[in-house]
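K.L.:
What follows is a single structure, and I will ask about it in a moment.
The values are calculated or read from the model by the stated rules, or taken from the named source; none is laboratory data. Computed from a predicted model, the values in this text were never measured in an experiment. Here the Cβ positions follow ideal geometry from the backbone for every residue, glycine too, while neighbour counts run over all protein chains shown.
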2 protein chains.
Amino acid sequence: MPINRRFTLVRRPDGMPVANDFRLVAEPTPALEEGQFLLRNHYASLDPAIRGWMDDAPSYLPPIRLGDPVRATTVGVVAESRSDAFPVGSWASGLNAIEDYSLGAAGGFTSPVDPDAVSSVTHYLSAVGAIGLTAYFALLEVGRPAAGETVLVSGAAGAVGSLVGQIAKLRGCRTVGIAGGPEKCARLIRNYGYDAAIDYRGKSPDALDAAIRAAAPGGVDIQFENVGGAILDAGLLSLNPKGRVVLCGLISQYNSDPIPLSNIWRLIVQGARMEGFILTQFIPRFGEAIPELAAWVKDGTLRVDEHVDTGIDNALPAFLRLFEGSNEGKMILKIAED
Amino acid sequence: MPINRRFTLVRRPDGMPVANDFRLVAEPTPALEEGQFLLRNHYASLDPAIRGWMDDAPSYLPPIRLGDPVRATTVGVVAESRSDAFPVGSWASGLNAIEDYSLGAAGGFTSPVDPDAVSSVTHYLSAVGAIGLTAYFALLEVGRPAAGETVLVSGAAGAVGSLVGQIAKLRGCRTVGIAGGPEKCARLIRNYGYDAAIDYRGKSPDALDAAIRAAAPGGVDIQFENVGGAILDAGLLSLNPKGRVVLCGLISQYNSDPIPLSNIWRLIVQGARMEGFILTQFIPRFGEAIPELAAWVKDGTLRVDEHVDTGIDNALPAFLRLFEGSNEGKMILKIAED
């Protein structure tokens with residue numbers, strides 16, 4: 001029976017997570033019941049949303065229980081199976097945890113994946129997985145871009161933001177990306193085809209407002225928000241009539257108190273809407289999007305950047321990159337060799 | 001040539017408006033050009049939105065210019081006319097100003113009104129005017145209530161809120177109103193048929209949250225927001241999946257800095273939307289709503305409470321009632337005898 005190393009949550013973080021909030025434990029793998037399988041996790045997806053699940057707050061998913069491994073989407077190979085749909089040796093993905101082995105069963109987010117349909121199985125954690133589906137449905141179904149409109153994206157160099165900018169260009173939009181630091185801003189233009197890039201670092205609210213006005217002189221039709229706080233607040237000032245704010249993430253406040261919003265009144269005077277996006281509401285429509293995303297990735301239409309750190313021992317520093325902004329692409333933790 | 005008393009803005013208010021921000025002046029009425037008419041204003045509508053127009057901020061209408069009379073919707077009788085559509089002696093309403101006489105012309109918000117179609121011409125400033133149209137379109141088109149849903153209304157005893165609660169009941173919803181003080185809360189139940197009333201005064205954010213949960217144990221499907229700040233923030237905690245926040249007004253922050261919002265993240269986890277309402281976007285559809293509103297008012301389906309103060313000399317204290325909450329119904333200033 002293999003040993004299962006599990007990155008468990010033992011204390012709820014107060015602000016930024018620290019080492020003592022977690023414990024790496026080693027346990028035997030569980031025995032399978034009928035319909036279950038054991039997935040050898042090769043890669044885990046590290047996402048800002050995981051931080052929310054560490055809090056004891058009611059949400060769309062229950063909080064991670066203390067003592068449980070940290071919830072994460074993983075992709076891996078079936079090591080043992082009592083499920084005909086998941087034979088030993090096949091690849092699968094699911095909402096599992098940061099651990100060597102996860103117990104799986106059909107249903108929910110769990111599904112077989114085809115390693116030969118993508119150039120890297122990690123894409124099932126990025127452009128062809130929840131990240132790609134988020135960019136796709138949040139932009140197209142909540143934002144509803146029309147050709148010629150201007151789309152402002154915060155966290156534009158991030159996993160979701162980098163795809164949103166590219167899909168918006170495919171729909172004929174002008175794209176303006178906001179990111180932290182000159183290197184990321186250069187990447188926005190070079191890798192993701194953004195028409196303009198704004199470095200938010202060191203900018204006062206007024207300076208940020210001025211930079212957005214300069215980059216989007218015709219105003220913003222869609223504000224795709226991954227960050228929140230001062231960036232969301234500044235963007236609202238450029239929002240056009242009937243503008244749409246797609247609220248996809250608020251990474252600026254996942255480890256700290258929210259930054260006060262002063263410009264919500266803009267929604268009233270512009271008859272604009274701010275709509276939250278939660279991927280679970282689109283599960284019935286995944287089948288529409290996955291083939292299109294896979295085709296775009298395969299033919300190079302979508303540039304996919306991934307940042308892979310290796311080793312379950314590195315789970316915490318790899319996760320914290322998301323909040324430091326030191327990752328260069330979708331953050332992924334490699335747990336086992338392919 | 002009659003004398004025209006005009007309640008002019010001479011200084012932009014810093015916070016709550018004070019007497020020195022205004023000057024009552026007397027001028028001759030202007031000569032008419034072809035197509036124009038002179039309206040003897042009988043009643044002016046005092047609305048929180050007027051406060052926004054006093055600021056020098058870009059908005060859906062230009063700021064009131066210093067020296068100009070304070071913009072307001074009025075209803076009155078045509079005193080002189082060079083417009084066939086507005087004969088002398090007929091009644092009309094329009095977006096005019098707090099003054100004895102306004103220069104009118106066809107177009108925009110200006111339209112003839114029939115004094116015999118309503119029990120009081122003041123209703124053209126309340127249930128059959130912009131207020132009624134706001135309640136109607138904001139609730140039905142932005143909120144989109146379904147029978148059995150729960151609607152939470154802030155400023156529920158106010159001009160818009162009192163109508164929203166009643167229209168929501170007509171659509172088979174459960175209604176919870178928030179207002180300031182026990183007298184208003186009693187009025188919510190007695191006059192407007194609210195199923196539950198919450199007095200926000202003296203309540204901490206936690207206490208307000210608890211009161212909303214107790215009054216809406218199944219959660220809130222539509223939050224109809226007239227107030228903003230701590231009340232909006234508390235309501236977000238009870239918002240159901242796919243909930244709708246109709247952002248109609250933010251009276252709590254018209255004279256002061258915005259109160260920080262902490263719970264915008266609820267929009268994400270609930271896949272909910274917050275949408276601003278601006279009446280001008282619905283002008284083409286006024287014709288649908290006015291007959292229905294007029295019929296509801298006429299047959300007593302809608303209870304319409306109006307608070308009429310008299311005299312252009314009282315314009316400022318009458319206007320300030322809106323922010324003190326000392327008005328008991330739609331605030332109207334009587335300028336001339338009928």
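K.L.:
Condition first: farther than 25 Å from A:Val304 by Cβ, acidic (Asp, Glu) and touching a helix residue (DSSP H, G or I) at 6+ places or on another chain (Cβ under 7 Å). Can you find one or more residues in region A:204-215 that meet it?
P.N.:
Yes: one or more hits.
K.L.:
Quick check on my filter: what residues within region A:223-247 are facing chain B (nearest Cβ under 8 Å) and either of a type in the set (Lys, Arg) or over 16 Å from B:Ser262 (Cα atoms) (or both)?
P.N.:
Once the filter is applied, which keeps residues that are facing chain B (nearest Cβ under 8 Å) and either of a type in the set (Lys, Arg) or over 16 Å from B:Ser262 (Cα atoms) (or both), region A:223-247 yields A:Pro241, A:Lys242.
K.L.:
Quick one: in region B:211-221, of everything that is over 22 Å from A:Leu61 (Cβ atoms) and touching a Leu at 6+ places or on another chain (Cβ under 7 Å), which residue is surrounded by the most Cβ atoms within 10 Å (Cβ to Cβ)?
P.N.:
Filtering region B:211-221 for residues that are over 22 Å from A:Leu61 (Cβ atoms) and touching a Leu at 6+ places or on another chain (Cβ under 7 Å), the one surrounded by the most Cβ atoms within 10 Å (Cβ to Cβ) comes out as B:Ile212.
K.L.:
How about region A:297-316: which of its residues are polar (S, T, N, Q) and surrounded by 18 or more Cβ atoms within 10 Å (Cβ to Cβ)?
P.N.:
The answer is none; no residue qualifies.
K.L.:
Could you check, for region B:81-92, whether at least one of its residues is aliphatic (A, V, I, L, M), crowded, with 16+ Cβ neighbours inside 10 Å and in contact with a helix residue (DSSP H, G or I) (Cβ under 8 Å, 6 or more places away or on another chain)?
P.N.:
No: zero hits.
K.L.:
Follow-up question, since we're still on this one. Which one of these is assigned by TED's automatic domain parsing to the domain that holds B:Phe109, within 27 Å of B:Lys330 (Cβ to Cβ) and in contact with an Asp or Glu (Cβ under 9 Å, 6 or more places away or on another chain): B:Val70, B:Val75, B:Val10, B:Val18?
P.N.:
The unique qualifying residue is B:Val70.
K.L.:
Take the residues of region B:258-313 that are of a type in the set (Val, Ile, Thr) and more than 21 Å from the chain's Cα centre (by Cα): which is nearest to A:Ser59 (Cα to Cα)?
P.N.:
B:Val269
K.L.:
When residues of region A:149-168 are filtered for being more than 20 Å from the chain's Cα centre (by Cα) and not in a strand (DSSP E or B), how many remain?
P.N.:
1
K.L.:
Follow-up question, since we're still on this one. Among (1) outside any strand (DSSP E or B); (2) free of Cβ contacts under 8 Å to residues at least 60 places away in the same chain; (3) in contact with a strand residue (DSSP E or B) (Cβ under 9 Å, 6 or more places away or on another chain), there is one condition B:His123 misses while meeting the rest; what is its number?
P.N.:
Status for B:His123: all satisfied but (2).
K.L.:
Please name all residue pairs, on different chains or six or more residues apart, with Cβ atoms under 6 Å, provided the first residue is in region B:229-257 and is under 18 Å from A:Tyr60 (Cα atoms) and the second residue is among the β-branched types (Val, Ile, Thr).
P.N.:
Within 6 Å, the pairs are B:Ser238/B:Ile212; B:Ser238/B:Val220; B:Leu239/B:Val220; B:Arg244/B:Ile222.
K.L.:
For region B:283-316, what are the residues that are more than 21 Å from B:Tyr43 (Cβ to Cβ) and either in contact with a His (Cβ under 9 Å, 6 or more places away or on another chain) or of a type in the set (D, E, K, R) (or both)?
P.N.:
B:Arg285, B:Glu288, B:Glu292, B:Asp299 - these are the residues of region B:283-316 that are more than 21 Å from B:Tyr43 (Cβ to Cβ) and either in contact with a His (Cβ under 9 Å, 6 or more places away or on another chain) or of a type in the set (D, E, K, R) (or both).
K.L.:
Select from region A:22-55 the residues that are among the aromatic types (Phe, Trp, Tyr) and crowded, with 21+ Cβ neighbours inside 10 Å and write down the one among them that is nearest to A:Gly67 (Cα to Cα).
P.N.:
A:Phe22
K.L.:
Checking the condition touching a residue at least 12 places away in the same chain (Cβ under 8 Å), assigned to a helix (DSSP H, G or I) and farther than 27 Å from A:Gly108 by Cβ, which residue from A:Arg321, A:Arg303 passes?
P.N.:
Just one listed residue meets the conditions, A:Arg321.
K.L.:
If I ask for residues that are more than 12 Å from A:Leu133 (Cβ to Cβ) and in contact with a Lys or Arg (Cβ under 9 Å, 6 or more places away or on another chain), which ones from region A:268-287 would you list?
P.N.:
The answer is A:Gln270, A:Gly271, A:Ala272, A:Arg273, A:Met274, A:Glu275, A:Gly276.
K.L.:
Here's another thing I want to ask about it. Would you pick out the residues in region A:278-300 that are part of a loop (DSSP other than H, G, I, E, B) and small (Gly, Ala, Ser)?
P.N.:
Scanning region A:278-300 gives a single hit, A:Gly300.
K.L.:
Report whether or not B:Ser111 is within 20 Å of B:Val308 (Cβ to Cβ) and polar (S, T, N, Q).
P.N.:
For B:Ser111, the condition - within 20 Å of B:Val308 (Cβ to Cβ) and polar (S, T, N, Q) - is not met.
K.L.:
Give the residues of region B:258-288 that are without any contact (Cβ under 8 Å) to a residue 40 or more places away in the chain, at the interface with chain A (Cβ under 7 Å from one of its Cβ atoms) and not aliphatic (A, V, I, L, M), sorted by residue number.
P.N.:
Passing the criteria: B:Pro258, B:Pro260, B:Ser262, B:Trp265, B:Gln270, B:Gly271, B:Arg273, B:Gly276, B:Gln281.
K.L.:
Might you let me know whether region A:248-263 holds any residue that is crowded, with 23+ Cβ neighbours inside 10 Å and out of contact with any Pro (no Cβ under 9 Å at 6 or more places or on another chain)?
P.N.:
Yes, there is a match, as at least one residue in region A:248-263 is crowded, with 23+ Cβ neighbours inside 10 Å and out of contact with any Pro (no Cβ under 9 Å at 6 or more places or on another chain).
K.L.:
Select from region B:30-70 the residues that are at pLDDT 95 or above, aliphatic (A, V, I, L, M) and farther than 18 Å from B:Ala130 by Cα and list them in ascending order.
P.N.:
Result: B:Leu32, B:Leu38, B:Leu39, B:Met54, B:Ile64, B:Leu66.
K.L.:
Tell me the residue from A:Gly89, A:Gly94, A:Gly52 that is farther than 15 Å from A:Ile312 by Cβ and part of a helix (DSSP H, G or I), please.
P.N.:
Checking each option against the conditions leaves just A:Gly52.
K.L.:
If you don't mind, there's one more thing I want to ask. Give me the pairs: first residue in region A:24-37 and assigned to a loop (DSSP other than H, G, I, E, B), second residue loosely packed, with under 14 Cβ neighbours inside 10 Å, beta-carbon distance under 6 Å, and six or more apart or on different chains, which are they?
P.N.:
Qualifying pairs under 6 Å: A:Thr29/A:Met1; A:Thr29/A:Pro2.
K.L.:
Take the conditions touching a Lys or Arg at 6+ places or on another chain (Cβ under 9 Å) and either farther than 25 Å from B:Lys169 by Cα or away from chain A (no Cβ under 11 Å) (or both) and apply them to B:Asp305. Does it pass?
P.N.:
Here the answer is yes, as B:Asp305 does meet what is asked.
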